[in-house]
Amino acid sequence: MRRIFTSVAPTVITGIAGFLVLLSFVLPQVEVLVGLRAILINIAIIVASIALLLGFARLLNLHWLRFRQRRSRVSLIALFTAVVVFVVLVIDRFSNFGAAAFVFNVLIVPIQGSLGALLTIFLAAAAVRMARRRRTWGTVWFLVSAVIVLITQIPPTEGAANILQPIRDLFNALAMGGLRGLLLGVALGTLAVAFRVLFAIDRPQSE
Amino acid sequence: MNDFIAAYAGLILLILFGALLSVFFATFSRFGRKRPHFRAIPAFGMLRGQMGRAIESGRDLHVSIGTGGISGDDTATTLAGLAVAEYLAEEAAASGIAPIVSTSDATSAIVAEDALRRPYVRQGNLGDFPRGAARLPALGPVPYAAATMDLLNHDPVLTNIMSGTFGAEAALIDQAANNNDLPQLFGAADPRALAVMATSTDHLLVGEEMYAAKAYLRAQLPHLASLRAADVVRIVIVILIVLAFVAGLLK
């Protein structure tokens with residue numbers, strides 16, 4: 001009996017829902033299927049919302065445990081901030097005094113901006129690390145193309161731009177070819193995973 | 001004709017893929033002893049025995065399945081990343097130690113917890129399963145990267161494995177891993193993340209290689225057949241692209 005709920009039912013429900021959604025995309029002229037797709041997507045949104053609530057509780061629990069185990073003091077700050085922001089946003093939802101915009105503009109955007117700025121330094125450090133660690137023609141190619149892309153992005157003079165732009169175009173053409181090959185592989189990989197889930201070869205949702 | 005192809009290309013591809021998968025599955029089943037050969041991907045070799053080394057050293061394996069969920073465009077990528085975590089959990093189940101799996105998506109966290117629990121159920125020692133092995137340290141890609149940096153800096157981690165949906169924020173995690181001299185394995189579908197990580201590790205799973213994790217790590221017939229089918233479909237698409245290019249030149 002347990003197996004029906006933990007294995008058979010999730011697989012059957014996933015298969016049927018997957019096929020209906022797939023058919024609704026393949027046969028958009030059949031209105032019943034399009035209607036069914038909307039219902040299934042709404043159900044998925046509700047389930048995802050519940051998962052988000054559970055996830056938030058899980059996040060608080062994780063940081064509380066990490067603080068108690070003295071793994072990280074940052075976890076206490078994360079915990080405190082998460083609770084305060086949650087309470088403020090819930091109050092804002094009913095009283096509408098603009099706290100949501102304030103939290104995003106004053107807290108989240110600047111912090112993420114700082115991390116973004118830090119990212120450029122880390123990227124430069126990573127490039128230097130690569131040059132020290134792996135001295136191959138591939139590394140030279142990688143670094144030269146990075147420097148040319150950087151210079152052509154903000155050319156120091158018009159003359160430099162005129163000289164470097166054809167080289168940039170060459171790199172762009174090569175990168176575009178590689179990118180298309182990569183995307184083709186990703187699309188096929190996605191197709192293979194989707195196919196395996198649809199036909200219950202892979203069952204990530206059941207035992 | 002062109003309109004028909006544009007409208008039904010996905011369906012044609014799906015039918016072709018399904019037909020090829022069936023053919024290869026039947027062929028591999030019939031000649032069961034003679035398994036098909038695929039090109040070697042060294043990154044998968046690095047995974048073998050990692051859990052044993054983690055248990056011996058008393059340190060953790062950190063597996064990040066990225067920032068994607070299981071209800072959107074990133075579903076397949078997240079599931080592909082999860083295959084790596086599941087493989088390591090299988091290795092660990094007998095010892096009662098599970099890898100630390102982290103993500104920034106609530107739906108992925110639930111599925112990851114279930115994937116880690118499954119090997120314990122199969123081996124009949126669910127009581128040993130360390131609950132909360134799938135962690136959700138932050139919601140959103142950049143906060144997640146910051147939280148993972150904190151984890152790598154403060155927890156005793158042996159190896160950092162990242163396989164799933166990542167963007168350029170992977171560089172933040174990479175920096176923390178490098179500061180702690182951690183070996184890394186990285187798999188992603190996003191060219192930005194791959195470009196960043198190519199500077200740090202030789203163990204890269206580039207695009208399609210990540211989706212082949214189950215076939216390489218478990219070598220079960222349906223997965224091998226799907227991998228071979230994808231290879232054949234790729235060749236067909238490449239031939240069609242070349243033919244279209246030549247036809248365009250001749251026009």
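Things to note:
- Scanning chain B for DSSP H helices at least 18 Å long along the axis (C-alpha atoms) with a Kyte-Doolittle mean no lower than 1.6 picks out B:2-30, B:221-250.
- Residues considered: B:152, B:47, B:11. Largest GNM mean-square fluctuation over chain B, using C-alpha springs under 10 Å, is found at B:11.
- The rule of thumb for compact globular proteins, 2.2 N^0.38 Å, goes into the C-alpha radius of gyration of chain B 1.11 times.
- Mean Kyte hydropathy of 0.0 or more with a Cα span along the axis of at least 30 Å, helices from DSSP in chain A: A:31-68, A:74-95, A:109-133, A:158-198
- Stretched out straight at 0.36 nm per residue, the stretch from residue A:64 to residue A:131 would grow longer than its current Cα-Cα span by 20.0 nm.
- Percent RCO, i.e. relative contact order, over chain B, from Cα pairs under 8 Å lying at least 6 residues apart: 22 percent
- Taking amide H positions as modeled 1.01 Å from N, with prolines and chain starts lacking one, the residues under 5 Å from residue B:205 and 5 or more places away or on another chain are B:186, B:187, B:188.
- Cleavage-rule hits (trypsin sites (Lys or Arg not before Pro)) in region A:1-87: DSSP loop, at most 14 neighbouring Cβ within 10 angstrom: A:70, A:73
- Cβ neighbours within 10 Å from other chains - mean over B:17-30: 1
- The H on the amide N of residue B:102, modeled in the peptide plane, is under 5 Å from the matching H of B:63, B:64, B:65, B:135, each at least 5 residues off or on a different chain.
- Highest-MSF residue in chain B out of B:64, B:22, B:163 [GNM, Cα springs under 10 Å]: B:22
- Alpha carbon convex hull of region A:1-97, volume per residue in cubic angstrom: 191 Å³
- Shielding by partners - mean other protein chain Cβ count within 10 Å, residues of A:177-185: 4
- Note on B:222-231: average number of Cβ atoms from other chains within 10 Å of each residue's Cβ is 4.
- Counting neighbouring beta carbons within 10 Å and listing from fewest to most, the residues B:209, B:86, A:158 come out as A:158, B:209, B:86.
- Computed over region A:1-97, relative contact order equals 13 percent, with contacts defined as Cα pairs under 8 Å that lie 6+ residues apart.
- Base-10 log of normalised Debye intensity for region A:98-153 (one unit scatterer per alpha-carbon) at q = 0.26, 0.27, 0.28, 0.31 Å⁻¹: -1.00, -1.03, -1.05, -1.12
Only the coordinates and a few stated rules stand behind these numbers; no lab work does. Computed from a prediction, not measured in an experiment: that's the story for all the values here. Positions of Cβ are generated from backbone atoms using ideal geometry, with glycine treated the same way; all protein chains shown enter the neighbour counts.
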